[in-house]
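Undergrad: This is the structure I have questions about; it appears just below.
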C-alpha cells in the first residue's frame with residue numbers, strides 16, 4: 001500500500017496469491033497485491049501479480065515504466081491518472097484487464113498504455129467501466145490473440161456515451177479493430193498527442209524532480 005506522495009519504487013515485486021488455483025470467475029474474490037493512492041508516484045521495473053484486482057491504481061498521478069502486471073479480472077483498476085509505458089500486461093485467465101473509475105466528465109483521471117505488450121491465455125477484454133466516465137487508451141502496443149475481438153465490455157452500464165475507450169497504432173494478432181464494440185471512441189490526433197504525452201501526468205515537472 002502506497003499512500004504518501006513523492007514515492008519512487010524500483011525493482012520490487014507485489015504478489016497476492018489468494019486466488020491462485022481458482023477455476024472460474026465465480027470462484028474469484030478481490031485480492032489486491034498493491035494499492036497506490038498517493039500523488040506523484042513512479043514504479044520502475046516492478047512486478048504486480050494476482051488474479052482479481054491485482055493493482056489498485058486508486059488515486060493520484062502515477063508512472064509505471066517497464067513493469068509486469070498480471071491477473072484475470074479487473075486486474076488494473078481505480079481512479080488514478082496514470083501512464084503505463086513499455087509494461088508487460090499478462091492475462092492468466094480470461095477476463096478483463098482494466099476497470100477504470102473516472103467519475104465525471106471533467107475528471108483528469110484515466111489509464112494510458114504506451115508501447116506495452118498484452119499477452120497471456122484465454123480471451124480478455126481490454127476493459128470494462130467501473131464508473132460511467134471510465135477512460136482507458138492503448139497506444140502503439142503489441143496485442144496477442146488474448147485480446148477479445150470485441151475489445152471492451154459494458155459491464156452494467158446501459159449507456160456508454162460517457163466512457164472513453166480508444167486504441168491507436170496497436171499491432172499484433174489482437175489489434176484488429178474491425179469487430180470492436182460500436183461505442184469505442186475515435187479520438188482526434190490532438191487528443192492522442194495530449195493524452196500520450198508525459199504532460200498528461202507531469203505538467204508540473206514532478207517526474208524530473210525525482211532522484212532517479
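Undergrad: Can you compute the helix-only [θ] at 222 nm over the chain? Use -39500 (n - 2.57) per DSSP H run of at least 4 residues, normalise by all residues, nearest 500 deg cm²/dmol. Walk me through the numbers on the way to the answer.
TA: On the way: 3 runs with 16 residues, N = 212.
Rounded to the nearest 500, the figure is -1500 deg cm²/dmol.
Undergrad: For region 35-136, what class follows from the C-alpha gyration tensor (a ≥ b ≥ c being the square roots of its eigenvalues): rounded when a/c is under 1.5, otherwise prolate if a/b is larger than b/c, else oblate? Could the numbers behind the result be given before it?
TA: Numbers: a/c = 1.78, a/b = 1.21, b/c = 1.47.
Oblate is the answer for region 35-136, as a/c is 1.5 or above yet b/c matches or exceeds a/b.
Undergrad: While we're here: Compute the Cα gyration tensor for region 42-102, then decide on rounded, prolate or oblate, letting a ≥ b ≥ c be the square roots of its eigenvalues: rounded whenever a/c is under 1.5, prolate when a/b is larger than b/c in the other cases, and oblate in all that remain.
TA: Details: a/c = 2.12, a/b = 1.17, b/c = 1.81.
The shape class here is oblate.
Undergrad: How long is the gain from residue 103 to residue 159 if the chain were fully straight, where each residue apart is worth 0.36 nm and the alpha carbon distance is subtracted? Write out the running numbers ahead of the final one.
TA: Details: separation 56, 0.36 × 56 = 20.16 nm, distance 1.44 nm.
Length gained between residue 103 and residue 159: 18.7 nm.
Undergrad: Would you please classify the overall shape of the chain from the alpha carbon gyration tensor, given that a ≥ b ≥ c denote the square roots of the eigenvalues, rounded means a/c under 1.5, and beyond that prolate means a/b larger than b/c while oblate covers the rest? Let's see the in-between values first.
TA: Numbers: a/c = 1.45, a/b = 1.09, b/c = 1.33.
Rounded, since a/c falls under 1.5.
Undergrad: What ranking do 54, 177 get, fewest neighbouring Cβ atoms within 10 angstrom at the top? It would help to have the intermediate numbers written out before the result.
TA: Numbers: 54 27, 177 14.
By the 10 Å Cβ count, ascending: 177, 54.
Undergrad: What is the order of 195, 1, fewest Cβ neighbours within 10 Å to most?
TA: Values: 195 20, 1 12.
Neighbour counts put them in this order, fewest first: 1, 195.
Undergrad: Something else now. If you take the beta carbon distance between residue 4 and residue 197 as r and set R0 to 25 Å, what does 1/(1 + (r/R0)^6) give as a FRET efficiency, to the nearest 0.05? Can you show the working numbers first?
TA: Values: r = 26 Å, r/R0 = 1.05.
Efficiency at R0 = 25 Å is approximately 0.45.
Quick note: the coordinates plus some simple rules give every number you see, no bench work behind them. All figures in this text were calculated on a predicted structure; none of them were measured in a lab. We place every Cβ from the backbone using ideal geometry, glycine too, and count neighbours over all the protein chains shown.
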